[in-house]
Amino acid sequence: MKKYVPAALFPQVKERHRNINMKKTKIAVFFGGCSSEYSVSLSSASGVILNLDREKYCPIMIGITKEGLWYYYDGPIDKLLDDTWHSSSHCTPAVLSPNHGEHSLLLLKEEGVERIPFDVAFPVLHGRNGEDGTLQGMLELAGIPLAGCGTLASALCMDKDRAHKLVNLAGVHIPQSMVLEEDTSMDSIESFAAKVGYPLYVKPVKAGSSYGVTKVMEAAQLSEAVSLAFQYDNQAIIEENIDGFEVGCAVVGNRELIIGEVDEIELSGGFFNFTEKYTLKTSSIHVPARISSAKAAEIKEAASCIYKALGCQGFARIDMFLTPKGKIIFNEANTIPGFTEHSRFPSMMKAAGYSFREVLTKIIELAIS
């Protein structure tokens, strides 16, 4: 059936090929977004675009501003890194065609509408309105092959409470926790905190990059920590502190999984907050983790179990804690982890013998299949 845009809506529709080699698979890379993690997305998207195999793939860059405006961007990558991409002459207002099977970006130009077809969508948006199933739902509605987790898995992994409950049903340990609503009394909050003991963590239920997370050392800090968490979500969660250190697994695949080497986060104090994640001022990441091969194999098995229990596909990073007694406890699953060359996900895959380019190729092949 011929692909079309209804003439009543778009009377002047042209299809743009822009000298793109038609033999190359066109990858729509989405970046930016209405999220507190907007800046992180720009760095990750730059990493993906720069490391795509240009012999096989042609990137179609789709930027979403903090205000939610969509643009087709055809300018230099460095403008993503300094966040000047949206103020340039390289931007054209655009929308995604919802027509099932059309797989097109529609450029809204003064002289009419121009169509840019593409083959695969690769969302590189972190946090809300991008990693939480919202964009994935739009893409699935349009029948567009998606690189990464689908709508349900993306939404579940963003929700710390529901993800923990499902993973626990699959047989993996989780921290003790309590979900807070905006009308939850401080008496019940303080009672739970006293039960699990200090320190403990207060987090938004649905947020990433450690935004709104507080390590609470004493009862006097509890109220302020809860207020901060509610600035990022309409629910908060209190979690017990887990003695030990955080470990992670990069996972790629649908049915058959490739798991990178386990990494280890070494902290000198505090916790792995936003600043530490992106600057490593006082912390270090060891790949492979400084643990026995037997324990590493056990962690990989747990990561595989978690990945499957949450319905992940394509790729994800599974974060866990390893206690001094060797107990593995689930922390969270990141369906769109950091994608700079120095991020944890590509570093773990590199330690397992897969280059960044090879990993991206595998992810795209999984989406097409």
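The values are calculated or read from the model by the stated rules, or taken from the named source; none is laboratory data. As the structure is a prediction and not an experimental result, all values here were calculated from the model. All Cβ positions, even for glycine, are placed from backbone atoms using ideal geometry, and neighbour counts span all protein chains on display. With ligands, DNA and RNA removed, areas are computed over all heavy atoms of the protein, side chains included. Shrake-Rupley method; radii C 1.70, N 1.55, O 1.52, S 1.80 Å.
From largest accessible area down, sort Tyr198, Tyr57; use a 1.4 Å probe on the protein chains.
Working: Tyr198 80, Tyr57 10 Å².
Accessible-area ranking of Tyr198, Tyr57, largest first: Tyr198, Tyr57.
Write out the trypsin sites (Lys or Arg not before Pro) in region 275-365 meeting two conditions: DSSP loop, and at most 15 other Cβ atoms within 10 Å of their Cβ.
Numbers: sites: Lys277, Lys281, Arg290, Lys295, Lys300, Lys308, Arg317, Lys325, Lys327, Arg344, Lys350, Arg357, Lys362; in loops: Lys281, Arg290, Lys325, Lys327.
Here the trypsin sites (Lys or Arg not before Pro) that fit, given the DSSP loop and packing criteria, are Lys281, Arg290, Lys325, Lys327.
For Trp70, Trp85, what's the largest-to-smallest order of accessible area, 1.4 Å probe?
Details: Trp70 55, Trp85 0 Å².
Order by accessible area, largest first: Trp70, Trp85.
Could you work out the longest stretch of the chain that avoids the GluC sites (Glu not before Pro) located in DSSP loops with at most 15 other Cβ atoms within 10 Å?
Values: sites that count: Glu55, Glu67, Glu110, Glu111, Glu181, Glu182, Glu218, Glu256, Glu341.
By the stated rule (loop sites, at most 15 other Cβ atoms within 10 Å), 257-340.
Filter the cross-link list Lys26/Lys79; Lys24/Lys160; Lys66/Lys109; Lys325/Lys362; Lys26/Lys350; Lys160/Lys362 down to pairs whose alpha-carbon distance in this structure exceeds 32 Å.
Working: Lys26/Lys79 21 Å; Lys24/Lys160 39 Å; Lys66/Lys109 22 Å; Lys325/Lys362 36 Å; Lys26/Lys350 25 Å; Lys160/Lys362 28 Å.
Beyond 32 Å between Cα atoms: Lys24/Lys160; Lys325/Lys362.
Excluding Ala147 itself, what net charge comes from residues whose Cβ is under 12 Å from its Cβ, given Lys and Arg +1 and Asp and Glu -1? If you can, show how the numbers build up before the last one.
On the way: positive: Lys362; negative: Asp119, Glu365.
After counting each charged neighbour, the total is -1.
Determine the per residue accessible area of region 222-261 with all protein chains present and a 1.4 angstrom probe, expressed in square angstrom. List each step's numbers first, then the result.
Numbers: 1700 Å² over 40 residues.
Per-residue value: 43 Å².
May I ask for the angle, rounded to the nearest 10°, between helix 38-51 and the longest principal axis of the chain, with both axes built from Cα atoms and the value confined to 0 to 90°?
The angle comes out near 60 degrees.
State the percent of C-alpha pairs, over all pairs in the chain, separated by a distance greater than 36 angstrom.
24 percent
Using a 1.4 angstrom probe on the protein heavy atoms only, could you order Ser185, Ser343, Ser104 from most to least accessible area?
Values: Ser185 60, Ser343 20, Ser104 0 Å².
The residues order as Ser185, Ser343, Ser104, largest area first.
Which of the aspartates and glutamates could be linked to Lys308 by a straight reach, that is with a Cα gap under 12 Å, when you skip same-chain ones fewer than 8 residues away?
Glu256
When the helices in the chain are scored as -39500 (n - 2.57) per DSSP H run of 4 or longer and the sum is shared across all residues, what 222 nm value do you end up with, to the nearest 500 deg cm²/dmol? Numbers along the way, then the final one.
Details: 11 runs with 108 residues, N = 369.
About -8500 deg cm²/dmol.
Apply the a/c threshold of 1.5 to the C-alpha gyration tensor of region 41-153 and tell me whether it is rounded, prolate or oblate.
Working: a/c = 1.34, a/b = 1.10, b/c = 1.22.
It comes out rounded by the Cα gyration axes.
Quote the relative contact order of region 226-269 in percent (integer), defining contacts as alpha-carbon pairs under 8 Å separated by 6+ residues.
On the way: 32 pairs, mean separation 12.6, N = 44.
Reported relative contact order: 29 percent.
Quick one: pull the percent of accessible area on the chain belonging to carbon and sulfur, 1.4 Å probe, ligands and nucleic acids left out.
Numbers: 8330 of 16670 Å².
With neighbouring chains kept in place, the figure for the chain is 50 percent.
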